[in-house]
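See structure below.
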Amino acid sequence: MATYDEQILRSSFKKFFGVDQAYDFQIEVAQHLLEGRSVVLQAPTGAGKTFTALFPFLFALFQNLEPAKFPRKLIYSVERRILVNNFEAEVKNRNLAVETGVLTGERSEEPEMLKPLLFTTIDQTLSSFLLRPYSLSNRQANINAGAIVSSYLVFDEAHLFDPERALPTLMWMLKTLKGVTPTLLMTATFSRPVLEELATLTGGVVVTVPPEQVKKIPAQATKQRFFNVVDQFLSAEAVLKAHQSRSIVVCNTVDHAQQIYEDLLAQKDSETRLLMLHARFWQQDRKQKEKELMELFGPRNADSTIKTGSAILVATQVIEVGVDITCENLHTDLAPANTILQRAGRCARHPNETGTVHIYQVEKKAPYFEDEDLFDLTWEGVKELAETGQPVRFEQKQALIEQVHAAKDKLHLQKIKDQRLSHQAKIEETINLLVNYHLKDLIRDSDSRSFLVHNSPETLRNPYDYESFSVFDGSFRGKLKQIYQAATEMGLDWSIKFPQPVDTSEDQQEIEKHRPVYQWPNLTEKESHQWHPLVVINPALVSYDKERGFRFVINTGEPCNSPEIARTLPERVGYNYRLETYAEHIKNVNWAYKYFKFEDEVAFAAAELEKRLGNGIPAGQIDQAIRLSFVFHDAGKLTEGWQSVVHKWQQVVGPPDVDPQTMLAHTYLDRQKHGELQKVFEKQGNKRPPHAVEGALIATKFLHQTLGAELSRPVISAIARHHAPAADKPGDYLIHKSALQAIQESLTIIERAQPWNLSADLLLPAPKNKNLLADKLLVRASSELELITYMLIIRVLRIADQRSFEFYKVHNNSGE
């Protein structure tokens with residue numbers, strides 16, 4: 001691996017981010033990553049972790065390092081949606097000249113993870129790698145995993161990941177990607193055992209910020225933050241008694257926050273601005289609140305536009321991380337120590353500030369039921385810090401983390417190891433069978449449901465195009481009786497529904513641009529215990545306003561339908577097909593691979609995979625495997641049955657007339673012009689036979705001979721599953737006598753110094769009762785290297801295949 005000059009790195013850091021200088025740990029992290037080592041970083045709040053994460057990617061991009069030296073894509077994963085929005089805004093404000101995208105449950109502008117810098121949630125990242133992406137339909141389920149493999153992966157505030165579900169799945173993923181995909185995990189509050197275990201899994205190093213470096217960070221060196229423990233429940237009276245000019249209240253639940261807000265509203269003076277923020281606001285309102293939040297609670301300096309005056313913010317966990325706000329007094333419900341310290345980061349956050357964190361007892365432990373045993377330990381620990389009367393420094397926070405969390409973290413790690421086989425079995429079943437029912441055990445507990453609000457869900461083309469919010473299942477269940485009772489009293493036809501995808505034909509999926517069709521069954525009171533990741537609730541049964549957000553109270557005002565998400569999707573050509581010979585289509589797919597820079601996107605992962613696969617696999621072999629997948633992905637169309645139908649169709653819609661021996665990949669098809677004609681044509685028995693699994697089978701012998709088993713299985717799997725991710729059974733077919741010539745012509749199109757030799761005996765005829773999965777021709781999740789190679793190839797194949805239709809548009813616009 002190359003060694004990068006420290007002074008060049010420091011100069012570039014200053015240029016990118018407009019800072020006086022980079023901290024030593026930021027340069028250390030960059031050197032490790034650029035030299036091929038993954039990193040687990042523990043750094044205090046306000047230390048610039050976001051810049052630390054972005055820098056290696058930006059350096060590689062703008063220093064024009066070869067694509068094989070560092071990934072051309074960064075996927076930045078966090079636990080909460082609000083963090084995604086904050087990080088995206090921070091990058092855009094820096095004008096870093098790199099395209100950014102967002103993928104969350106409420107903002108899915110990048111469902112296929114195409115932008116080079118993507119901010120997303122851990123749910124989206126893990127579900128994509130498990131081939132069950134929340135952002136895509138079942139028929140597109142294998143597209144995004146390759147983006148994970150080929151990217152530089154950042155996991156911020158990793159201590160927030162569910163230790164029973166998301167964290168073990170992440171650890172499995174990191175182990176699978178070890179040595180192929182560079183990763184950076186960042187946290188302020190992991191104990192040492194967890195840091196070391198994560199470094200072992202990634203094959204990386206732990207980087208911590210030593211005390212002497214912490215003292216050089218202005219946000220740490222000159223501020224003073226005190227702790228105060230209050231052996232009472234949090235109340236509006238206590239908040240107002242301590243209030244100076246800016247106070248922040250952090251509650252463990254939305255219900256508690258809304259109650260404190262109402263109490264403060266009734267008791268505060270007229271000069272104090274009262275603001276509330278939690279996860280149940282529509283995006284437009286939340287953005288406005290976040291803007292006002294920054295105006296009221298942002299850092300005050302000579303260039304600041306921060307408003308002065310009296311302000312109180314009531315919030316939940318949404319402000320714990322990634323929000324640059326500060327106050328003199330922060331009031332918080334008791335929670336586990338790592339959570340308390342994250343909240344404390346919103347008090348006296350900036351240089352030369354002084355503040356107090358007031359910690360209150362709680363009656364209930366929601367939503368931290370799995371960490372109830374940590375509450376007493378945390379109380380004793382913060383009480384000891386408060387009794388010293390001294391400011392709480394970074395090293396004392398770390399000691400508190402070790403005191404409260406280390407023992408349980410060790411138990412968690414041991415539990416993860418003890419349950420590794422059962423957890424991995426669920427992962428493998430999810431990937432092999434493409435099932436959803438394990439996701440609640442692998443990513444996020446079913447104790448959180450996403451809600452839409454809409455009076456006519458049947459009119460929604462795609463429910464994921466509308467804003468939603470999450471509600472803990474306990475809160476949901478507590479409201480169910482009143483919801484159903486109110487619906488009955490109001491004479492409503494329904495209370496809650498859920499989207500159920502309707503399977504359609506492969507051709508119909510292409511017509512719909514791979515967008516699923518939904519039906520909307522009622523979720524009856526009797527069935528309400530069933531878990532659905534997304535439900536819709538009748539707007540007559542809930543209320544919403546810009547100050548309080550969503551509430552489970554009867555709506556007495558205007559309906560509060562979920563707003564449609566504003567998004568800019570890439571324009572796609574391909575809805576109407578052009579006449580293409582087989583070789584022309586392969587040429588256009590290969591063109592898309594290069595033109596849209598997917599070749600660069602996969603270069604780093606491909607090079608590292610070749611090293612891990614070993615067995616004398618030469619450099620560039622995975623690139624050749626990708627190109628062979630292009631050549632054979634439609635080989636199933638080179639059959640008597642498929643060609644007969646499309647030639648007949650071309651005669652119907654012609655001109656031009658096409659020689660029957662010319663192998664076609666597509667014919668002319670204008671959906672608007674030919675829609676009814678196509679229905680009549682197919683009713684006359686002219687439906688095109690399937691071709692994907694058939695093409696994989698036809699190519700099997702040649703691919704085995706050319707690539708060997710370890711690389712041929714991923715290619716065969718990609719060909720078989722480039723339309724349907726679970727496909728494994730071919731239909732009957734008879735290879736067309738012109739197929740060999742069409743494939744040979746296509747082989748000469750993909751770039752290779754020495755042409756491959758293809759003979760007719762290498763193209764396999766249709767066997768009886770063939771099953772590619774049962775016959776071990778397809779990749780299984782237990783073969784980790786083959787799996788991630790397949791993920792890489794299938795992503796490139798599917799997207800290049802889609803984008804190949806843009807060849808004509810690009811070349812027509814360029815005058816060619």
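The values are calculated or read from the model by the stated rules, or taken from the named source; none is laboratory data. Note that the structure is a prediction, hence the values are computed from the model and not measured. Note: ideal-geometry Cβ built from the backbone for every residue, glycine included; neighbour counts use all protein chains shown. Areas reflect the complete protein model, heavy atoms only, side chains present, ligands, DNA and RNA absent. Shrake-Rupley method; radii C 1.70, N 1.55, O 1.52, S 1.80 Å.
Just a few scattered comments:
- Pairing residues of segment 413-433 that are within 17 Å of ARG780 (Cα to Cα) with residues that are open to solvent by less than 80 Å² (accessible area, probe 1.4 Å) and of a type in the set (Val, Ile, Thr), at Cβ distances under 8 Å and at least 6 apart in sequence or on separate chains, gives HIS423/THR169; HIS423/ILE416; ILE427/THR169; GLU429/VAL435.
- Residue list for segment 12-30, restricted to those being surrounded by fewer than 17 Cβ atoms within 10 Å (Cβ to Cβ) and either closer than 20 Å to GLN213 by Cβ or of a type in the set (D, E, K, R) (or both): LYS14, LYS15, VAL19, ASP20, GLN21, ASP24
- Residue, farthest from the chain's Cα centre (by Cα), within segment 749-802, restricted to residues that are farther than 25 Å from ILE735 by Cβ, among the charged types (D, E, K, R) and not in a loop (DSSP other than H, G, I, E, B): GLU786
- If you go through segment 732-777 and keep only what is among the hydrophobic types (A, V, I, L, M, F, W, C) and open to solvent by 90 Å² or more (accessible area, probe 1.4 Å), you end up with LEU734, ALA753.
The rows are residues; the columns are (1) touching a residue at least 24 places away in the same chain (Cβ under 8 Å); (2) more than 29 Å from ARG81 (Cα to Cα); (3) within 26 Å of the chain's Cα centre (by Cα).
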residue: THR459; (1), (2), (3): no, no, no
residue: PRO463; (1), (2), (3): yes, no, yes
residue: PHE469; (1), (2), (3): yes, no, yes
residue: PHE472; (1), (2), (3): yes, no, yes
residue: ARG477; (1), (2), (3): yes, no, no
residue: TYR484; (1), (2), (3): yes, yes, no
residue: GLY491; (1), (2), (3): no, yes, no
residue: LYS497; (1), (2), (3): yes, no, yes
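- Cβ pairs under 6 Å, 6+ apart, first in segment 641-667 and part of a loop (DSSP other than H, G, I, E, B), second among the aliphatic types (A, V, I, L, M): MET663/LEU638; MET663/ALA742; THR667/LEU579; THR667/VAL646
- Looking only at segment 178-208, residues that are at pLDDT below 90, of a type outside the set (Phe, Trp, Tyr) and not in a helix (DSSP H, G or I) come to 4 in all.
- Test: GLN705 is out of contact with any helix residue (DSSP H, G or I) (no Cβ under 6 Å at 6 or more places or on another chain), part of a helix (DSSP H, G or I) and either under 26 Å from ILE143 (Cβ atoms) or at pLDDT 95 or above (or both): no
- Breaking point among (1) over 30 Å from GLU784 (Cα atoms); (2) surrounded by fewer than 24 Cβ atoms within 10 Å (Cβ to Cβ), for THR706: (1)
- Filter pass, MET173 being open to solvent by less than 10 Å² (accessible area, probe 1.4 Å) and at pLDDT below 95: no
- The set of residues in segment 529-544 that are closer than 19 Å to HIS278 by Cβ and either among the small types (Gly, Ala, Ser) or open to solvent by less than 40 Å² (accessible area, probe 1.4 Å) (or both) comprises ILE537, VAL542, SER543.
Here is a yes/no grid of residues against (1) within 20 Å of GLY474 (Cβ to Cβ); (2) at pLDDT below 95; (3) part of a helix (DSSP H, G or I):
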site	(1), (2), (3)
TYR360	no, no, no
ALA366	yes, yes, no
PHE375	yes, no, yes
ALA399	no, yes, yes
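- Taken over segment 100-140, the criterion of being under 20 Å from ILE799 (Cβ atoms), in contact with a Lys or Arg (Cβ under 6 Å, 6 or more places away or on another chain) and open to solvent by less than 10 Å² (accessible area, probe 1.4 Å) is satisfied by GLY101 alone.
- Here is the figure for segment 408-439: residues that are open to solvent by 70 Å² or more (accessible area, probe 1.4 Å) and assigned to a helix (DSSP H, G or I) total 9.
- Qualifying positions in segment 233-261 - among the acidic types (Asp, Glu) and either surrounded by 14 or more Cβ atoms within 10 Å (Cβ to Cβ) or at pLDDT below 95 (or both): ASP255
- Each residue in segment 10-47 was checked for being of a type in the set (Asp, Glu) and in a helix (DSSP H, G or I), and 2 of them qualify.
- The set of residues in segment 113-130 being farther than 23 Å from LYS92 by Cα and aromatic (Phe, Trp, Tyr) consists of PHE129 alone.
- Residue within segment 289-303 that is loosely packed, with under 14 Cβ neighbours inside 10 Å, over 30 Å from ASP376 (Cα atoms), of a type in the set (Lys, Arg) and without any contact (Cβ under 8 Å) to a residue 24 or more places away in the chain present: yes
- Residues that are assigned to a helix (DSSP H, G or I) and surrounded by fewer than 22 Cβ atoms within 10 Å (Cβ to Cβ) within segment 597-607 comprise GLU599, ASP600, ALA607, listed in sequence order.
- Members of segment 472-489 that are within 23 Å of GLU370 (Cβ to Cβ) and open to solvent by 90 Å² or more (accessible area, probe 1.4 Å): PHE472, ARG477
- Residue match in segment 703-719 (condition: more than 36 Å from the chain's Cα centre (by Cα) and of a type outside the set (Gly, Ala, Ser)): yes
- Residue match in segment 553-576 (condition: part of a helix (DSSP H, G or I) and touching a residue at least 40 places away in the same chain (Cβ under 8 Å)): no
- For THR50: the one exception among (1) open to solvent by 10 Å² or more (accessible area, probe 1.4 Å); (2) part of a helix (DSSP H, G or I); (3) over 24 Å from LEU160 (Cα atoms): (3)
- Count - residues of segment 337-355 that are buried (at least 23 other Cβ atoms within 10 Å of the Cβ) and not in a helix (DSSP H, G or I): 6
- Matching option when the condition is open to solvent by less than 20 Å² (accessible area, probe 1.4 Å) and either among the basic types (Lys, Arg) or more than 10 Å from the chain's Cα centre (by Cα) (or both), among ALA97, ALA89, ALA158, ALA68: ALA158
- Among the residues of segment 726-748, those identified as at pLDDT below 95, of a type outside the set (Lys, Arg) and in a loop (DSSP other than H, G, I, E, B) are ALA726, ALA727, ASP728, PRO730, GLY731, ASP732.
- VAL102 modelled with pLDDT of 90 or more, farther than 30 Å from LEU421 by Cα, among the β-branched types (Val, Ile, Thr) and in contact with a Phe, Trp or Tyr (Cβ under 6 Å, 6 or more places away or on another chain): yes
- Failed criterion for LYS768 (all others in (1) in contact (Cβ under 8 Å) with a residue 60 or more places away in the chain; (2) over 29 Å from THR581 (Cα atoms) hold): (1)
- Checked against the criterion of being of a type in the set (A, V, I, L, M), farther than 21 Å from LEU772 by Cα and at pLDDT 95 or above, segment 708-723 has no qualifying residue.
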